[in-house]
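**Student:** Here it is, the structure, as structure tokens.
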Amino acid sequence: MTLTRGSDDAVTVTGRDFPTNRGGLCRKGWTAAELIRHPDRLTRPMLRDRHGDLRPIGWDRAYDVIVEQIRRTQRDHGHDAVAVFGGGGLTNEKAYLLGKFARVALGTAMIDYNGRFCMSSAAAAANRAFGIDRGLPFPVADLDRANTIMLLGSNVADTMPPFVQHLAGAVAAGGLIVVDPRVSATARLTAGGSGLHLQPAPGTDLELLLGITQVLFAEKLIKNDYLARRAVGVGTIRRSVAALWPERVQSITGVPADTIREVARRLAWAADHGGCYLLTGRGVEQHVNGTDTATAAINLALLLGLPGSPDSGYGTLTGQGNGQGGREHGQKSDQLPGYRKITDPAARDHVARVWGVDVDQLPGPGLPAVQLLERLGRPDGVRMLMVHGSNLLVSAPDATRLQRRLADLDFLVVSDFVLSETALRADLVLPVLQWAEEDGTMTNLEGRVIRRRAVIEPPGQAKSELEILQELARRLGASSAFPASAREVFEELRLASAGGIADYSGIDYDLLDRDAAAHWPYRSESTPRLFTDSFGTADGKAVLVPVRPSRPVDAPPSGRQLTLITGRLLEHYQSGVQTRRIPELDHAVPRARLQIHPAAAARLGIDDGDEVLVRSDRGAAVCWAELTTLIRQDSVFLAFHFAEDASANRLTAAVADPISGMPEFKTSNVTVERVTSGQSGGAQFDGEEVA
Amino acid sequence: MLLQHARRARRLVIIGFGPVASRLIDELLPAVRDHRLQLLVIGAESQPAYNRIMIGELALGSIDQELMIMSDLQELEADGVRFRLGVPVTEIDRDRRFVTLADGDQYAYDELIFATGAAARVPRLAGLPECPPGQDPMLPAGVTVLRDLGDAERLATMSQRGRELVVLGGGVLGMELALTAAEAGAVVTLVHAGRVPMERNLDPTAAAIVARHLRRRRIRIVADARAAAVRLHEGRFAGLGLADGSQISGDGLVVCCGAAPRTGLAARSGLLVDVGIVVDHQLRTVDDATISAIGDCAQMRCAEDDCERCVAISAPSGLIGPGFAQAEWLAARLLADRHQRQPVESPAVRSPASGDDAPCDGAPVMILKTPGLSVVSAGSVDLDPLDCLVGEDDRRVAQWSDPELGRYAKMITRGGTLEGLICIGLPRTAAELTLLYERGSELPSDRSSLLRHDGPDHASGTDPLGPDATVCRCNGVSAGAINAAIDDGHRDVTAIGRATRAGTGCGTCKDRICELLRTRTEVVVA
């Protein structure tokens, strides 16, 4: 979007004509400027005093305190006792410098980020199948021409509304296939002959995909020529689906056998007739078997011959603002810039050279988010945590337990621009910049690098994180330079990423300022389409990895239990820390509402608007019932944007996918009951007491 | 020496290599790879495990044999599993714990698993050699059962387009076969003993709806029939004689009269056999704790007389889900035994606590696997809505019936959860009811809300029968447009395809077009 600063310093937002949104903005975009001058903005560093209150202090003192805490913690407990937690909303420059800060200035292996809760399963699946993880390996506008698009677990109509225009071709051709346990706004686009909506029980997406795959084999719809040329492993897939014929899959998923057959046939037909895309989203990825589910979608795409073909493909839709770039340059526990593996000796050598440090100084792989957070405050675990661009306490699973973990830390530093729920519990809070106040780059879902430009001055003493990291590194005596200007950081990122998978070496700010379309890998030219000739694996062939159904964290609901699905709303962004502060958005959805089917509600004696208590094995949340037929009778939906006793993540489990580290966000067993008048609502039911 | 030092890996021998055994092997594989377990699989058939459920489709040419294969011998052998295939076990020495094969080879075991499955049951018919239950029948040319790959080959030659096929047995398998063979162009006569087909799974209303569907598919039904004799001509099937003296001639006969557990070896080895090999809730044979049985050959029957979990079975269900569940459970039990020395390393795999029992699905869900007709049935279905109003019955029956549209639903619940169900012509409702039944979830008190899944007012649906409903999604052709084409004289699917492009895409809608053709032409004729 484009920002304009008026004569009175007020900022207005307009949509920019760009391939992804074509000038459109959603409600979050149109109101984005409102947060820039919000009274809640943090303008000074704040330190918790003896009485437990956060009090403003000067920057010099803030740096002193942090450096002292780092030194003491690392002296007493070792380098890995200080951990860094980043965010998928940070610019590429900040994400890159944060990774370098952890490895070089702190010498800790313990860094991970909230993208672990977002893109990690799709990333792991793409890496093992294609050897490259770029959300869409093709420009988003390619979707316009497809006559069939299957969206798995993605409610783009609410989470990324301008994207919907790219579905128009498939809608017109009757080929929009949406897989979602909810009749989401996106699912409703399939009505009236525009396509099909499959409404599987939560947590059964993998079986559904395997069932569709079985039909492809059974009806000889797989593309043998393509597979022979471009992939390995078909035989194992055939055997792995032999026991999942459509009728059996119906009894697991609740999707009729004939619908499973119809989808398989439609996809196969479309692959030969003008374009077929499979796109996954968080709905199928945010599970303990998220990597396998994304893999099953990729296998399906490969069997249909889609990836790398000119008019078809597979992709995953990025969640956070810089969900793509944020996962490429070293915030991940096992990763170095350029999407290199920290365990790869050649990658370590290259990056150590660019950073001018001894390669043996670089720590090895750390722990993915859920395991990292589990170590917080443990005697031999993480004693000090630095959080950047993440409101952990709302977005991480099992929030009640995490709250105790955070309290056990010796020292918590949070950099944010408002007092988020996590910042409220920090020992030290650093005021940082909003998007309109900083320079940098982001990488969008199609791997395209985009400029962000500062148009206004930051309020008070708020500072760029680049500047903060530079000063901390200097005081810690880091053996490498930490530039504070975004342009300089990017120049270094170019060198560090050169030769890596996400190679940015041919991109510079001048190029981006000319609005050139720069899709990575970009050495001498942009790569809008990947995989046209070969995949990113050693032999250039895609790998079909057999996957099989696994046991869920919570057993399937029985009796009166319901399955809780968490997710997002149109009006809110991530932990809600920004959007809950914008009156227009907050008024639209001011409080946490639990979507529940009227039939389920009637059984439980719940009316529309009732205050309800939702419990799981992990904890409890209080919210208000919203009766709707747009959800399955066996499921309830609660957005995770809300905090404290309305926090959906008090109900989720901190159990993670063994491959990607993704937590299980979408299939918690819960019971729901009406809060009677004698109960005083939230206060009585804070998570700790109930748990 | 059969006894060796105590610390070697335990030796597990599995008799049988069907789908259930294959599943058990897959679950045990990690322990085999780590040399914690030595695994020997002995199979009477020489092929690796395949999915029997699809034998009918294989015979009628709609799928490849390759698709049915569930195990890769080379991969499993590379992982350390040993196989002896094509050689049956002749004897088990339970005292010294070793098995003897037909070729004289002997193998010691610490734990033995029966997964011998079931054999097709052939009724006593004049002209056929007698076949005791649990043994594979020897049948003359033109007569087959439907159990293994050889049967599929025989059926393939009998059911080509235009051939006359007699299907004996009105159960699920017979129904599916009759419909699939008719679809493939055979002229099919279905002969069954009951008043209606699928008598055990359907009530009279449901059965009548299904019977009408069969007739519309040009399948001739001979009900209330008692088969008495097979008439052969030059050693080949020529006709089926009924007890009332009538004859049904045809080119081939498929006997679909259920299956019986393969228990011969177990009985010879002194294990208790009732209908199947009798096992307790831990799947162990009641006589020998080192021997277990799973799948179709096993019958759970503990020492308690009135145990609710030990349901009386008369024959294997023919469904594979319960067998898979038992295989998973048994693997967890076997690995947990192992792990008494080595703790479970994967938190994802829950080992059964000592108090846990093996899954026991007394009444699994039956889903008719055939194009154009959605039939689901589970549990006990013979109760009528008014039955519960008299006496002390605490069950509740809700029922919806619209035979004209071929739709029917019945939900029998106790305490709000399903004990039985029938659902016809309502595919989404059927799928939801299946889930509710499998999970034991409570139904909404207003049962009719479940029917809405197939209604035009469902949030994401349109009336699938209305004139505006899109029939062919690939080409966006509505039912109205197809009806108009029918009225213009286009009287088959190909002609309608030329006129409207309907059905020329992925082809899924051809069934619907046929249905419209039938209804429309009937209306026009009338």
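Derivation of every value follows stated rules applied to the coordinates shown; laboratory data play no part. What you see is a predicted model; the values in this text were computed from it and never measured. Here the Cβ positions follow ideal geometry from the backbone for every residue, glycine too, while neighbour counts run over all protein chains shown.
**Student:** Under the definition of partner shielding as Cβ atoms of other protein chains within 10 Å of a residue Cβ, what is the mean value for peptide B:445-454? Please report the intermediate quantities before stating the final value.
**Tutor:** Numbers: counts 3, 4, 1, 1, 7, 2, 0, 3, 5, 1.
Taking the mean over all residues of the peptide, I get 3.
**Student:** Which percent of Cα pairs goes in each bin when the distances of the range A:120-316 are cut into 10 angstrom slices starting at zero?
**Tutor:** 10, 40, 41, 9, 0
**Student:** How long is chain B along each principal axis, judged by its Cα atoms, biggest number first, in Å?
**Tutor:** Principal extents (largest minus smallest coordinate, Cα): 84, 62, 51 Å.
**Student:** While we're looking at this one, here's another question. Kindly express, to the nearest 10 degrees and within the range 0 to 90, the angle between helix B:427-439's C-alpha long axis and the longest C-alpha principal axis of chain B.
**Tutor:** Between helix and principal axis, roughly 30 degrees.
**Student:** Let me ask something additional. Search the structure for amide H atoms under 5 Å from the amide H of B:TYR50, placed 1.01 Å from N in the peptide plane, and list their residues when 5 or more places away or on another chain.
**Tutor:** Here the answer is B:MET70, since their amide H atoms fall under 5 Å of that of B:TYR50.
**Student:** I need the phi-derived Karplus couplings for the range A:76-92: 6.51 cos²θ - 1.76 cosθ + 1.60, θ = phi - 60°, integer Hz, Gly and Pro marked x.
**Tutor:** 7, 10, x, 4, 6, 6, 9, 10, 10, 10, x, x, x, x, 5, 5, 4
**Student:** Here's another thing I want to ask about it. 5 Å is the cut-off here: which amide hydrogens, built 1.01 Å from N in the peptide plane, fall below it relative to A:VAL382, excluding neighbours closer than 5 in sequence?
**Tutor:** HN-HN under 5 Å from A:VAL382: A:LEU376, A:GLY377.
**Student:** I've got another one for you. Note the full-extension length gain between B:GLU392 and B:THR494 as 0.36 nm times their separation in residues minus their Cα-Cα distance, in nm to one decimal. Please list the in-between numbers first.
**Tutor:** Details: separation 102, 0.36 × 102 = 36.72 nm, distance 5.80 nm.
Extending this stretch completely gives an extra 30.9 nm.
**Student:** At a Förster radius of 35 Å, what calculated FRET efficiency corresponds to the Cβ-Cβ distance of B:TRP400 and A:ASP608, to the nearest 0.05? Mind dumping the intermediate values first?
**Tutor:** Numbers: r = 27 Å, r/R0 = 0.77.
Approximately 0.85, to the nearest 0.05.
**Student:** When you look at the Cβ of every residue in A:191-197, what mean number of other chain Cβ atoms sits within 10 Å? Kindly include the intermediate steps, with their values, before the conclusion.
**Tutor:** Working: counts 5, 6, 10, 4, 3, 3, 4.
Average neighbour count from other chains, rounded to a whole number: 5.
**Student:** If you build the Cα gyration tensor of the range B:470-525 and take the root of 5 times each eigenvalue, what three semi-axes come out, in whole angstrom, biggest first? Walk me through the numbers before you get to the answer.
**Tutor:** Working: eigenvalues 57, 21, 17 Å².
Semi-axes, largest first: 17, 10, 9 Å.
**Student:** Please give the net charge around A:ILE177, taking every other residue with its beta carbon less than 14 angstrom from that of A:ILE177, where Lys and Arg add +1 and Asp and Glu add -1. It would help to have the intermediate numbers written out before the result.
**Tutor:** Numbers: positive: A:ARG188, A:ARG261, A:ARG265, A:ARG266, B:ARG473; negative: A:ASP180, A:ASP205, A:GLU262.
Once positives and negatives cancel, what remains is +2.
**Student:** So what does log10 I(q)/I(0) come out to for the range A:464-542 at q = 0.21, 0.23 Å⁻¹, using the Debye formula with one equal point on every Cα and no solvent?
**Tutor:** So the normalised log intensities are -0.95, -1.04.
**Student:** Sticking with this one: With θ set to phi - 60° and the Karplus curve 6.51 cos²θ - 1.76 cosθ + 1.60, what are the ³J(HN,Hα) couplings of the range A:636-641 in order, to the nearest whole Hz, using x for Gly and Pro?
**Tutor:** Using θ = phi - 60°, the values come out as 10, 10, 9, 6, 9, 6 Hz.
**Student:** I would also like to ask the following. Hey, what's the per residue convex hull volume over the C-alpha atoms of the range B:119-188, in cubic angstrom?
**Tutor:** Working: hull volume 6.4 nm³, N = 70.
Expressed per residue, the convex hull around the Cα atoms of the range B:119-188 is 91 Å³.
**Student:** Work out the mean other chain Cβ neighbour count within 10 Å for the residues of B:367-378 and drop it here as an integer. Before the final figure, lay out each step's value.
**Tutor:** On the way: counts 8, 2, 5, 2, 3, 1, 1, 5, 0, 5, 0, 1.
Other-chain Cβ atoms within 10 Å of each residue's Cβ, averaged: 3.
**Student:** Collect residues whose amide H, placed 1.01 Å from N in the peptide plane, falls under 5 Å from the amide H of B:SER249; neighbours closer than 5 in sequence don't count.
**Tutor:** B:LEU240
**Student:** Next up: In a shell of Cβ-Cβ distance under 11 Å around A:LEU627, excluding A:LEU627 itself, what net charge do Lys and Arg (+1) and Asp and Glu (-1) give? Each step should come with its number before you reach the end.
**Tutor:** Numbers: positive: A:ARG593; negative: A:ASP607, A:ASP608, A:ASP610, A:GLU626.
Its environment carries a net charge of -3.
**Student:** Near B:LYS410, within a Cβ-to-Cβ distance under 13 Å, what is the net charge of the other residues, with Lys and Arg +1 and Asp and Glu -1?
**Tutor:** Values: positive: B:ARG395, B:ARG396, B:ARG407, B:ARG447; negative: B:ASP203, B:ASP382, B:ASP384, B:ASP387, B:ASP402, B:GLU419.
Result for the local shell: -2.
**Student:** So what is the relative contact order of chain B, in percent, for Cα pairs below 8 Å that sit 6 or more residues apart? Each step should come with its number before you reach the end.
**Tutor:** Working: 1051 pairs, mean separation 54.3, N = 526.
In percent, rounded to a whole number, it is 10.
**Student:** Another question, then. In 20 Å bins starting at zero, report the fraction of Cα pairs in chain A per bin as a rounded %.
**Tutor:** 19, 54, 26, 1
**Student:** Sticking with the crude label model, points 7 Å out along Cα→Cβ, report the distance from A:ILE57 to B:ASP468 in nm, one decimal please.
**Tutor:** Result: 6.7 nm between the two label points.
**Student:** Under the Kirkwood approximation applied to all pairs of distinct alpha-carbon atoms, what is the hydrodynamic radius of the protein assembly as shown in Å? Numbers along the way, then the final one.
**Tutor:** Details: mean 1/r = 0.0306 Å⁻¹.
Value: 32.7 Å, from the Cα pair sum.
**Student:** Given the peptides B:202-212, A:652-662, B:252-262, B:226-236, arrange them by the average over their residues of other C-beta atoms within 10 Å, most packed first.
**Tutor:** Listed from highest to lowest mean packing, they are B:252-262, A:652-662, B:202-212, B:226-236.
**Student:** Restricting to chain B, compute how many DSSP beta bridges are antiparallel as a %, nearest 5.
**Tutor:** So the antiparallel bridges amount to about 60 percent of the total.
**Student:** Moving on. Note the count of lysine pairs whose C-alpha atoms are less than 14 angstrom apart in the protein assembly as shown, limited to pairs 8 or more residues apart or on different chains.
**Tutor:** Numbers: A:LYS94/A:LYS332; A:LYS94/A:LYS463; A:LYS100/A:LYS332; A:LYS332/A:LYS341.
Total qualifying Lys-Lys pairs in the protein assembly as shown comes to 4.
**Student:** Share of Cα-Cα pairs in the range A:33-171 beyond 22 Å, in percent?
**Tutor:** On the way: 6128 of 9591 pairs.
Beyond 22 Å sits 64 percent of the P(r) for the range A:33-171.
**Student:** From the square roots a ≥ b ≥ c of the eigenvalues of the alpha-carbon gyration tensor of the range A:167-232, which class results: rounded (a/c under 1.5), prolate (a/b over b/c), or oblate? Kindly include the intermediate steps, with their values, before the conclusion.
**Tutor:** Values: a/c = 2.68, a/b = 1.54, b/c = 1.74.
Note, shape of the range A:167-232 comes out oblate.
**Student:** Kindly rank A:325-338, B:122-135 from highest to lowest mean number of other beta carbons found within 10 Å of each residue. Can you show the working numbers first?
**Tutor:** Numbers: A:325-338: 27.6, B:122-135: 15.7.
Listed from highest to lowest mean packing, they are A:325-338, B:122-135.
**Student:** Let me ask you something else. Among the trypsin sites (Lys or Arg not before Pro) in the range B:393-501, which ones are in a DSSP loop with at most 15 other Cβ atoms within 10 Å of the Cβ? Mind listing them? Can you show the working numbers first?
**Tutor:** Details: sites: B:ARG395, B:ARG396, B:ARG407, B:LYS410, B:ARG414, B:ARG428, B:ARG439, B:ARG447, B:ARG452, B:ARG473, B:ARG491, B:ARG498, B:ARG501; in loops: B:ARG447, B:ARG473, B:ARG491, B:ARG501.
Counting only loop positions with at most 15 other Cβ atoms within 10 Å, the trypsin sites (Lys or Arg not before Pro) in the range B:393-501 are B:ARG491, B:ARG501.
**Student:** Each residue of the range A:135-146 in turn: what ³J(HN,Hα) in whole Hz from Karplus with 6.51, -1.76, 1.60 and θ = phi - 60°, glycine and Pro shown as x?
**Tutor:** Karplus values, whole Hz, x for Gly and Pro: x, 10, x, 8, x, 4, 5, 4, 5, 4, 8, 6.
**Student:** Also, quick follow-up: So, in nm, how far is label A:ASP49 from label A:LEU630 when the simple model puts each one 7 Å beyond its Cα toward the Cβ?
**Tutor:** 4.9 nm
**Student:** With N set to the number of residues, divide the alpha-carbon radius of gyration of the range B:374-454 by 2.2 N^0.38 Å and report two decimals.
**Tutor:** 1.01
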